[in-house]
Amino acid sequence: MIIELFSDPNLLLTLISIGFIAGFIDAIAGGGGLLTVPVLLTAGLPPHIALGTNKLSACFGSLTASYTFYRKRLFSPSFWVVAAVATCFGAIIGTLVVNLINAEMLNKILPIVILCCALYTLFSKISKSDSFESPQKNKASNIKQGLQGFILGFYDGAAGPGTGAFWTTSSLALYKMNILLSSGLARSMNFISNFVSLITFMILGQVHFAYGIAMGVFMLVGSWIGAHSAIRFGAKFIRPVFITVVLIITINLAYHAWF
């Protein structure tokens, strides 16, 4: 696998470049998988292995970003225990379910999923709240955390692209939190679902380690820079470029899958 990667400099450059950009974007607004999954598919990986490999690379970036937000006190692990547990279960079930889907069908479904995620991210609204306090802890918030964690964990295990953006936007809507608190929650929960799903994919033998590590190392660097940029500037400045790149890649992927 390693020899194959280094024998194709163009492929290696593509993977590390997209990895860096995806890590940077994912740490700011979420949705880095909207770039990495299409690239892995166009690199020739079967859809199930592309999803598993994406989990490996995504773990590098999501761990880096989540730790950065935690150190800046923009994520409180003790408050989000219910969400974390629900996310774990959702990710395991989602990963097992996606492996029951025919590869050819999955190839045709993924471009639609990615396009919908891109459009959702483009038109979703950002909260104007300036408060850096966590929402009130009560039974209602626990129910919200459980449902949100399971649904998004399941989606991340079954597909993945756009999960970070979904976490951010749904948290803004459910808890009326500041954008940075929502981003900190998104990065942390995204790491949990990525890691749990990765272990499941590894057990099933559906991870290309050379591609995943090559992309993941540069996602780590991009995530570190992106997380610090998000904390300093916010997410709005990245969206136009993000959506443009995603739409171009998705159209190309859809063309190859359907025509």
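The values are calculated or read from the model by the stated rules, or taken from the named source; none is laboratory data. These figures come from a predicted structure and were not determined experimentally. Virtual Cβ from ideal backbone geometry, glycine too; neighbours counted across all protein chains shown. Ligands, DNA and RNA are stripped out before the accessible areas are found, and what is left, the full protein with its side chains, is counted by its heavy atoms. Shrake-Rupley method; radii C 1.70, N 1.55, O 1.52, S 1.80 Å.
Between residue 71 and residue 140, how many nm apart are label points set 7 Å from Cα along the C-beta direction?
About 3.7 nm, to one decimal.
Place the peptides 12-19, 136-143 in order of packing, highest mean first, counting for every residue the other Cβ atoms within 10 Å and averaging per peptide.
For the peptides 12-19, 136-143, the packing ranking is 12-19, 136-143.
List the trypsin sites (Lys or Arg not before Pro) within the stretch 4-77 that fall in a DSSP loop (any state other than H, G, I, E or B) and whose Cβ has at most 15 other Cβ atoms within 10 Å. Walk me through the intermediate numbers first.
Working: sites: 55, 71, 72, 73; in loops: 72, 73.
Qualifying residues, ordered by number: 72, 73.
How much of the accessible area of the stretch 130-228, probe 1.4 Å, is carbon plus sulfur, in whole percent?
Percent of accessible area from carbon and sulfur atoms in the stretch 130-228: 73.
Counting only C-alpha contacts under 8 Å and six or more residues apart, can you give the relative contact order of the stretch 128-230 as a whole percent? Display every interim value, and only then the final one.
Working: 58 pairs, mean separation 29.3, N = 103.
Computed over the stretch 128-230, the figure is 28 percent.
Would you mind checking 55/139; 72/137; 55/108; 108/176 for any pair whose Cα atoms are more than 27 angstrom apart?
As for pairs spanning more than 27 Å Cα to Cα, those are 55/139; 108/176.
If I model a spin label at residue 81 and residue 108 as a point 7 Å from the Cα along the Cα→Cβ vector, what separation in nanometres do I get?
4.7
Gain in length, residue 204 to residue 10, computed as 0.36 nm per residue apart minus the alpha-carbon separation, to one decimal in nm?
Extra length from residue 204 to residue 10 when fully extended: 66.9 nm.
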